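One structure below.
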Amino acid sequence: MEKIIFYILAIVIISLAILSVTTKKLYRATLYLLFVLLAISGIYFLMEYNFMGAVQLSVYAGGVMVLFIYAVMLTDKIGKPLRDIPTKWKIVPVLVTMGTAALSIYAIYSFQGINAQNEATITSVGQVGEKLLSYKAGGYVLPFEVISILLLAVMIGAIVIAKAKKIINQEKN
Amino acid sequence: MILTHINYFADLINYFSNTLGWGFGGKILGYVIIALIYMTFFSVAGLLLVYLERRVAAFFQLRLGPNRVGPWGLLQTIADALKLLTKELFGTDRKDNLLYHSAYYIVIIASLMALSAIPFSKGLVAFDVNIGVFFISAISSVGVLSILLGGWGSNNKYSMIGGMRSGLQMISYELSSGLAILTIVLMAGTLSMTGIVEQQRDMIFLLKGHIPALIAFIIFVIAGTAESNRTPFDLPEGEAELGAGYHTEYSGMGFAWFFLAEFINMFIISAVGVTLFFGGWLAPFGITDGLGPEWAWGLFWFFLKVFLMIFLLMWFRWTFPRLRIDQLLTLEWKYLLPIGLLNIIIMAVFVYFGLIL
């Protein structure tokens, strides 16, 4: 049963990911990307990693996608189909993508440390939180703090950008 | 935490797949039956809520409301639904068909998935996960997208403005409702919906957490009203300005899905509020404990509490005037969010020093 659901989700992810980069309509690309992200969260739920699945839903499908939609609306001529891309522009991205795929597959198959478990272990939110704040071996307190500082910087930057016009106008007066 | 509660839905699947020995097919049959139960509930509850809305509106305006079709006008909404079913579907000329038609499917699926994580009674929850509350708030943030997609796909300026307003509003108020939920989670120490209900056996969280819980409840009700796009926060479909906002260009069942989903979202918000603050399906002070099957009394108390909460939300609609867009954003970012953040700190201090009852 899990296998069937996995293959359905995998087909959805791959086909819609391809569609989202090949479509000529920018707004549809965001819709395809939304379905890709939803299907990825489906895979997390399939693994019974419910916390990660819900994070995927709320952060990517709910948050980032809305930002994408607003960003797409700011682009030029969204109502019209995109123009054709010259073939020579396609070569480098295709090569990079294929190289990345080859590297990933090589890395996965050459790594011997994975012990696949038959039974899914349910990770509780408490365990995630404790790992995030632990400064012992295997703890994530440093990345956590770095990300907090990054987010703070982004917020200050956003305020500065939003207020810049007002301040310039005030100085002029 | 592995949940070992009674779950009648899991029992049903188990019955088909193991007791009857149908294996894989039985499992599928069980899932289909559960899905049908939820979809029936979705439509029946939606129709009843529309009827209730009209009766409550009439009550506040000293009218009678629908009273001709069936006893007390109960069949009025069914007649309306039949009328909508027979209507022709038409849209604007150059709409984006894919976006236009996928929008209402996304909104229904999001509402149904959120419903699945709500415990209706003891053991009556289809998707009993250890992160229930978080799952509901995550899946309801996906519902915003349907409004944005439908607003754009309709190829109408009023739809698009309505969709954009709705996106702004829902994303902003999600923060506040999330903080209010977190305040209660801090006290409960679990994200599981059944776990939260079980913790309120001795006392409901609204009383247990006294001051911070009360503030969280007020924030939750305001943010919940805003998230379900109801008056006084119905700017996305402000009739006087935008026609009908994001569903201007939908007709027949396309419109009906959005309409139903809106009422079901109101139900979900009330149900989450009842679960978090009023003990969900538990009887108040345990007055009906041991008087019969617990799940039946649970259903009764749950729906009674949800009805009272929905009545409160409908009361708001006829009490407060609609906000302007700048007032709406000011309320969220300058008042609700700072108060919510402060409240969560107060709650943390209270929990740390054991000041909650």
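Just checking, which of B:312, B:291, B:304 is without any contact (Cβ under 8 Å) to a residue 60 or more places away in the chain, assigned to a helix (DSSP H, G or I), surrounded by fewer than 16 Cβ atoms within 10 Å (Cβ to Cβ) and not aromatic (Phe, Trp, Tyr)?
Sole residue among the options that is without any contact (Cβ under 8 Å) to a residue 60 or more places away in the chain, assigned to a helix (DSSP H, G or I), surrounded by fewer than 16 Cβ atoms within 10 Å (Cβ to Cβ) and not aromatic (Phe, Trp, Tyr): B:304.
Specify the residue that is farthest from residue B:114 (Cα to Cα); the eligible residues are those in segment B:20-31 that are among the hydrophobic types (A, V, I, L, M, F, W, C) and within 14 Å of another protein chain (Cβ to nearest Cβ).
Out of the qualifying residues, it is B:22.
Hey, could you check segment B:240-286 for residues that are of a type in the set (Phe, Trp, Tyr) and either touching a His at 6+ places or on another chain (Cβ under 8 Å) or not in a helix (DSSP H, G or I) (or both) and say which is nearest to residue B:153 (Cα to Cα)?
Selected residue: B:250.
Select, from B:94, B:63, the only residue that is within 14 Å of another protein chain (Cβ to nearest Cβ), part of a loop (DSSP other than H, G, I, E, B) and among the basic types (Lys, Arg).
The match here is B:94.
So how many residues does segment B:102-154 have that are touching a Phe, Trp or Tyr at 6+ places or on another chain (Cβ under 6 Å), of a type in the set (Gly, Ala, Ser) and closer than 20 Å to residue B:267 by Cα?
5
So, in segment A:25-68, of the ones that are in contact with a Gly (Cβ under 7 Å, 6 or more places away or on another chain), facing chain B (nearest Cβ under 10 Å) and farther than 18 Å from residue B:104 by Cα, which residue ends up surrounded by the fewest Cβ atoms within 10 Å (Cβ to Cβ)?
Checking each candidate, the answer is A:45.
Quick check: is even one residue across segment B:22-34 surrounded by fewer than 14 Cβ atoms within 10 Å (Cβ to Cβ), touching a Ser or Thr at 6+ places or on another chain (Cβ under 7 Å), more than 30 Å from residue B:156 (Cβ to Cβ) and not polar (S, T, N, Q)?
Yes: one or more hits.
Go over the candidates A:19, A:95, A:103, A:9 one by one and state the one that is in a helix (DSSP H, G or I), within 11 Å of chain B (Cβ to nearest Cβ) and at negative phi.
After applying the criteria, what remains is A:19.
Okay, residues lined up against (1) crowded, with 17+ Cβ neighbours inside 10 Å; (2) under 24 Å from residue B:181 (Cβ atoms):
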{"position": "B:201", "(1), (2)": "no, yes"}
{"position": "B:204", "(1), (2)": "yes, yes"}
{"position": "B:208", "(1), (2)": "yes, yes"}
{"position": "B:220", "(1), (2)": "yes, yes"}
{"position": "B:237", "(1), (2)": "yes, no"}
{"position": "B:250", "(1), (2)": "yes, no"}
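Consider residue B:83 carefully, then state whether it is without any contact (Cβ under 8 Å) to a residue 24 or more places away in the chain, surrounded by fewer than 17 Cβ atoms within 10 Å (Cβ to Cβ), within 14 Å of chain A (Cβ to nearest Cβ) and more than 24 Å from residue B:298 (Cβ to Cβ).
no
Return the residues of segment B:77-99 that are over 27 Å from the mean Cα position of the chain (by Cα) and basic (Lys, Arg); say none if nothing qualifies.
Of everything in segment B:77-99, those that are over 27 Å from the mean Cα position of the chain (by Cα) and basic (Lys, Arg) turn out to be B:87, B:94, B:95.
Give A:153, A:162 a once-over and let me know the one that is of a type in the set (Gly, Ala, Ser), surrounded by fewer than 10 Cβ atoms within 10 Å (Cβ to Cβ) and without any contact (Cβ under 8 Å) to a residue 24 or more places away in the chain.
Selected residue: A:162, the only one of A:153, A:162 that is of a type in the set (Gly, Ala, Ser), surrounded by fewer than 10 Cβ atoms within 10 Å (Cβ to Cβ) and without any contact (Cβ under 8 Å) to a residue 24 or more places away in the chain.
Go through segment B:16-57 and count every residue that is out of contact with any helix residue (DSSP H, G or I) (no Cβ under 6 Å at 6 or more places or on another chain), small (Gly, Ala, Ser) and closer than 17 Å to residue B:79 by Cβ.
Total satisfying the criteria: 1.
Looking at the structure I just gave you, is residue B:17 within 13 Å of chain A (Cβ to nearest Cβ) and in a helix (DSSP H, G or I)?
Criteria met by residue B:17.
Is it fair to say residue B:34 is within 14 Å of chain A (Cβ to nearest Cβ) and either in contact (Cβ under 8 Å) with a residue 12 or more places away in the chain or more than 24 Å from the chain's Cα centre (by Cα) (or both)?
Taking the combined requirement at face value, the residue does not satisfy it.
Considering only segment B:100-107, I want to know if a residue exists there that is outside any loop (DSSP other than H, G, I, E, B), more than 19 Å from the chain's Cα centre (by Cα), under 20 Å from residue B:244 (Cα atoms) and of a type in the set (A, V, I, L, M).
Taking every residue of segment B:100-107 in turn, none turns out to be outside any loop (DSSP other than H, G, I, E, B), more than 19 Å from the chain's Cα centre (by Cα), under 20 Å from residue B:244 (Cα atoms) and of a type in the set (A, V, I, L, M).
Just give me the residues in segment B:117-148 being part of a helix (DSSP H, G or I) and more than 7 Å from chain A (Cβ to nearest Cβ), in sequence order.
B:132, B:133, B:136, B:140, B:143, B:146, B:147
Could you grab me the full set of residues in segment B:315-332 that are touching a Ser or Thr at 6+ places or on another chain (Cβ under 7 Å) and part of a helix (DSSP H, G or I)?
B:316, B:317, B:329, B:332, listed by residue number.
Run down A:76, A:84 and say which single residue is in a loop (DSSP other than H, G, I, E, B) and under 29 Å from residue B:142 (Cβ atoms).
From the options A:76, A:84, the qualifying one is A:76.
Consider residue A:119 carefully, then state whether it is within 23 Å of residue A:47 (Cα to Cα) and either in the same structural domain as residue A:36 (by TED's automatic domain parsing) or modelled with pLDDT under 85 (or both).
Here the answer is yes, as residue A:119 does meet what is asked.
Could you please let me know if residue A:71 is away from every other protein chain (no Cβ under 14 Å), surrounded by fewer than 16 Cβ atoms within 10 Å (Cβ to Cβ), out of contact with any Phe, Trp or Tyr (no Cβ under 9 Å at 6 or more places or on another chain) and not in a loop (DSSP other than H, G, I, E, B)?
The answer is no for residue A:71.
The values are calculated or read from the model by the stated rules, or taken from the named source; none is laboratory data. Note that the structure is a prediction, hence the values are computed from the model and not measured. Don't worry about glycine lacking a Cβ; one is built from the backbone with ideal geometry, like all the others, and counts go over all protein chains shown.
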